[in-house]
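Below is one structure, written out as structure tokens; the observations come after it.
A short reminder: the numbers here are calculations on the coordinates, not readings from a lab. If you're wondering where the values come from, they're calculated on a predicted model, not measured in any experiment. Heads up, the Cβs are rebuilt from the backbone with ideal geometry, glycines too, and the neighbour counts pull from every protein chain shown.
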Amino acid sequence: MKKILEQSLSMIPQGVATHLPEATILRREIEKKGMAVLKKFGFQEVITPLFEYLDVLSLGMGPEMIERGYKFIDRSNGRFMILRPDVTPQIARMVSMHFRGEAKPVRLCYFTNVFRHEEAHAGREREIFQIGGETFGGVKPSDDAELIEVVTGILKALKLSRYRIVMGHAGFFKSILSRCPVDSQKEIQSAIARKEISRLEKIIEEKKITGRSAEELLGIFSLFGGEEVFRKARKLSREKETLAALDHLKAIFAVLKKKGLDGNLLIDLGEVRDFDYYTGPVFEIFVEGIGYEIGGGGRYDHLSAKYGYDCPARGFALDVEKLQQAIEKGSS
């Protein structure tokens, strides 16, 4: 009986963690060093509500994120509420309500937790601690490059040197996808996101996608690597929208190269996850020894418009748990 009681007391919900003193010290060190870098770049820290009304927060979230959120009912009025699954919509609403008249850019940052349901076999946390920043205002390539400068600054402050930042552009893929049959677009995006070439070939055959569109879709898988990807991509697609996306991404790369930050950069124009959310340049961060990306970000120009204030924006978030794992494994 005593053994059963001890086992019961040691159990916590799957996907959350208890942090003992040593781990807590490291976590606070990540917070201290990461926030110092953000503040150096002019970011101001904010704290967002732990939970909000579902109908308000969902204006800035896609259906998948809403589905993964933990929901409950407000006892006082019967309205549905949700534990925050994403901080960015909260900050977009904050800017819309309180920063309209402020000089741009407005830079806001946070160190907080979000809550998302993950299946037990997915190997992911349900309570995710994040450090991140959001910038409102500015549309130039140098503005987008600044975000990656901030990320590299945080990684360097944490003495993590074995990392890669993989850059893409939502506009490039969206332009190619727009020329495919509407009823095939979700399937195509899913196949490319999962790097399933055979499945994509089957969709192309079933939907009778031929000519240039078929070549572009299959060619996306080869658009991964260094600066040479820009040349290959221009040969693959000559449409106005794809060329504009390439030119913008190339200009961002040039800014970062000039600052000596290109050694850790890769280009992947076949990275298409979360493209319903992003509108322009996107990136993911990988650290040696960690199986998943440790964070990512990009441009989302129309998010604040859903809260009544249309303002160009971009942001990023880093997973603190994965940063901690990388430091403990010595990825330097």
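Sorted fewest first by neighbouring Cβ atoms within 10 angstrom, 151, 282, 46 come out as 46, 151, 282. Overall shape of the chain was characterised from the C-alpha gyration tensor. The equivalent ellipsoid obtained from it has semi-axes of 33, 24, 23 Å, in decreasing order. Once backbone amide H atoms are built at 1.01 Å from N, residue 130 has 112, 113, 114, 320 as its partners under 5 Å, excluding neighbours fewer than 5 places away on the same chain.
Please find the FRET efficiency linking residue 198 to residue 178, where r is the Cβ-Cβ separation and R0 is fixed at 25 Å, and quote it to the nearest 0.05. Efficiency computed from Cβ-Cβ geometry: 0.55.
3J(HN,Hα) couplings calculated from phi for region 71-77 with the Karplus curve 6.51 cos²θ - 1.76 cosθ + 1.60 (θ = phi - 60°) are, in sequence order, 10, 7, 10, 6, 4, 6, 9 Hz; Gly and Pro show x. Stokes-Einstein diffusion for region 84-153, with the hydrodynamic radius set to the Kirkwood value over Cα pairs and evaluated at 25 °C in a medium of 0.890 mPa s, equals 175 µm²/s. If you average 1/r across every pair of different Cα atoms in region 165-316 and take the reciprocal, what Kirkwood value do you get, in Å? Kirkwood radius, region 165-316: 16.2 Å. Put simply, when 108-118, 164-174, 55-65 are sorted by average Cβ atoms within 10 angstrom per residue, most first, you get 164-174, 108-118, 55-65.
Less than 5 angstrom separates the built amide H of residue 296 from those of 285, 317, all sequence-distant by 5 or more or on a different chain. Coupling constants for region 184-190 follow from the phi torsions by the Karplus curve (6.51 cos²θ - 1.76 cosθ + 1.60, θ = phi - 60°), and in residue order they are 10, 5, 5, 5, 5, 4, 5 Hz; glycine and proline get x. The string of couplings for region 199-209 from the Karplus curve (6.51, -1.76, 1.60, θ = phi - 60°) is 5, 5, 4, 5, 5, 4, 5, 5, 8, 6, 8 Hz, one whole number per residue in order, with x for Gly and Pro.
Just to verify a number: FRET efficiency for residue 139 and residue 51, C-beta to C-beta distance, R0 = 25 Å, to 0.05? Using R0 = 25 Å, I get an efficiency of 0.15. Peptide packing for 78-90, 21-33 was compared via the average number of neighbouring C-beta atoms within 10 Å per residue; ordered from the highest value, the list is 78-90, 21-33.
Taking 0.36 nm per residue of separation and subtracting the current Cα-Cα distance, fully stretching the chain between residue 238 and residue 11 would add 76.0 nm.
Largest GNM mean-square fluctuation among 206, 187, 196, using the chain with Cα springs under 10 Å: 206.
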